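For reference, the structure discussed in these notes is given below.
Just so it is clear, none of the values below were taken in a lab; they were calculated from the coordinates. Not measured: the values here are computed from a predicted model. Heads up, the Cβs are rebuilt from the backbone with ideal geometry, glycines too, and the neighbour counts pull from every protein chain shown.
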Amino acid sequence: MAYLHSYIPFEIRPSPISKKAFISPVCIIFAIMKEITPLIEKACRNLNIESLNGMQKQMLETAQRPNDIVLLSPTGTGKTLAFLLPILQRIDPKASGVQALIVVPSRELALQIDAVLRKIAAGIKIVCCYGGHSVREESKSLAVAPALIVGTPGRIADHLRRGRIVLDTLDTLVLDEFDKCLALGFQDEMKEIVAPLRQVPKKILTSATDSDSLPPFTALRKPIKLNFLGTKTTEEKTAERLTIYRINSPIKDKLDTLLALLRNLKPGLALIFCNQRESVERVQQFLTDRGIIAEAFHGGMEQPDRERAFCKFRNQSSYICISTDLAARGLDIPEVKYIIHYHLPVDSESFTHRNGRTARMHAEGEAFVILGPDEALPEYAAGAIEFRLDPKADFLQIPPMATLHFAAGKKEKLSKGDIVGFLVQKGGLTADEIGLIEVKDHYSYAAVRRNKAHATLRRLKEEKIKGKKVKISFSY
């Protein structure tokens, strides 16, 4: 157990030296923070946030010490920016070789971190590696070593075995959502990646759950634990923002009860959790057969299909998404209003993570537990309030946006600005009739007002974007 003697609480103590020679650690931290102020200002400006939160500031301060760091914080609290800023501060744009590696449990989280990095526009080469993505394209991007790599354990381990990634120059290693990486069965891949990196100067491990010990292969050096889990303030704020309800289904099959619930909810993004992939597809088909637009999301889907589903959910082309617990953590889903537990989660931790997709920051949210006739309310949901369904209610609405699919993306030099200009100049749309635009490697999505979508598509049928004919269609 030499790898982890104990966690060191975050604390700054003056050194036992004379007043004349003494330089306050606070003064040192202030000087360092002053040096990276332009980076912070740029990040806040580009990410459209007013200022760093307390966790992010404390992370920046702690990162100046030589110790490794364990950051514990709930989903949706800004962990990504908290560890990205120290990384970017340490990277030398003029140096060659890989300087930072971020290992994450899912493709979606890798893409989310990649998107944040590009919004910050750090001016460094970044490569994102994950399953379902073209190995050939990743290999080509890795031919000249990037400054930063973000990716999933399986794909990174594969690149390491084949010599496409060399980590001799690595300065910072981040294991993001470490607990989920282990829970998803990536123990062997994580060990293969991390074990040879014992001498990396800085290691940062993040998690949404606490643990008394860590696997020996992490080899953290005198780690400082920054624990933002379960504080009284967090619990009180969450309780104020989240209301949990229970609903009884008269029969074991809960589909009709789910439909009645959806009709009772005023418009807002609703995330429905099922325990199996087959159930996700069954629920989606049930709703689709009744003319309700709903997206499905689970690990058995191809990556483009998963990206399309959450893109349409984010851009309000669909108010409803049905998912396994894959969507409970590590995804960028803003402003989810309703969480519906179609199936009871396997434990209280899963319940917490599912509910963590709503009532985030200053927003309010509601969670619903649907119980079958043979199911009892779990202890972790004991405070749930009975929700009475109004059989006459019907608040279901057709979503205001529709999504257009462009068969070109970053690799074809297509940008968000290109698409906006194209939709305005050739499609006849105004700026307020265009919604969220997401540009992937070889395809792009653009949300437009649903009542304008068909006319827009007709206008664009024979038009060229950036001098090229690009296939454009509805994203179904």
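Could you give the dipole magnitude of the chain about its Cα centre, charging the beta-carbon of Lys and Arg +1 and that of Asp and Glu -1, in debye to the nearest 20? Don't skip to the answer; put the middle values down first.
Working: 68 positive and 55 negative charges, 402 e Å.
The dipole magnitude comes to about 1920 debye.
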The set of residues whose placed amide H lies less than 5 Å from the amide H of Arg246, leaving out same-chain residues fewer than 5 positions away, is Val369, Ile385, Glu386, Phe387
Excluding near-sequence neighbours (fewer than 8 apart on one chain), segment 187-302 holds lysine pairs with C-alpha atoms under 22 Å apart numbering 9
In debye to the nearest 20, the charge dipole size for segment 8-229, taken about the Cα centre with +1 at each Lys and Arg Cβ and -1 at each Asp and Glu Cβ, equals 640 debye
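Can you tell me the FRET efficiency between Arg290 and Lys392 if r is taken as the Cβ-Cβ distance and R0 is 22 Å, rounded to the nearest 0.05? Could you put the intermediate results ahead of the total?
Values: r = 17 Å, r/R0 = 0.78.
Working from the Cβ atoms, E equals 0.80.
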Applied in sequence order to segment 197-208, the curve 6.51 cos²θ - 1.76 cosθ + 1.60 (Karplus, θ = phi - 60°) yields integer Hz couplings, x standing for Gly and Pro, of 9, 4, 9, 4, x, 9, 10, 10, 10, 10, 7, 9
Listed by chain and number, the lysines with an alpha carbon less than 23 angstrom from that of Lys468, same-chain partners under 8 positions apart left out, are Lys410, Lys411, Lys413, Lys416, Lys426, Lys440
In degrees, nearest 10, the alpha-carbon axis of helix 303-314 is tilted away from the dominant principal axis of the alpha carbons of the chain by 80 degrees
Sequence order, segment 131-142: Karplus ³J(HN,Hα) from phi using 6.51 cos²θ - 1.76 cosθ + 1.60, θ = phi - 60°, Hz rounded, Gly and Pro as x, gives x, x, 9, 4, 5, 4, 5, 5, 4, 5, 5, 7
For segment 290-421 the mean separation of alpha carbon contacts under 8 Å (6+ apart) over residue count, i.e. relative contact order in percent, is 24 percent
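Taking the Cβ-Cβ separation of Asn248 and Ser415 as r and a Förster radius of 60 Å, what is the calculated FRET efficiency to the nearest 0.05?
0.75
Stretch Arg65-Lys94 to full length: gain in nm at 0.36 nm per residue minus the Cα-Cα span?
Residue separation times 0.36 nm, minus the Cα-Cα distance, leaves 8.1 nm.
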The aspartates and glutamates whose Cα lies under 17 Å from the Cα of Lys140, excluding any fewer than 8 residues away in the same chain, are Asp158, Glu412, Asp441
Site Asn275, offset 7 angstrom along Cα→Cβ, radius 17 Å on amide nitrogen, limited to segment 368-385, gives 369-381
Projecting the Cα atoms of Ser350, Ser317, Ser141 onto the charge dipole of the chain, where Lys and Arg contribute +1 and Asp and Glu -1 at Cβ, the residue farthest towards the positive end is Ser141
In the neighbourhood of Ile156 defined by beta carbon distances under 14 Å, the net charge of the other residues (Lys, Arg +1; Asp, Glu -1) is -1
Once phi for every residue in segment 61-69 is put through the Karplus expression 6.51 cos²θ - 1.76 cosθ + 1.60 (θ = phi - 60°), the whole-Hz ³J(HN,Hα) values, with Gly and Pro written as x, are 5, 5, 5, 6, 7, x, 5, 6, 10
Subtracting the Cα-Cα distance of His442 and Leu47 from 0.36 nm times their residue separation yields 139.8 nm
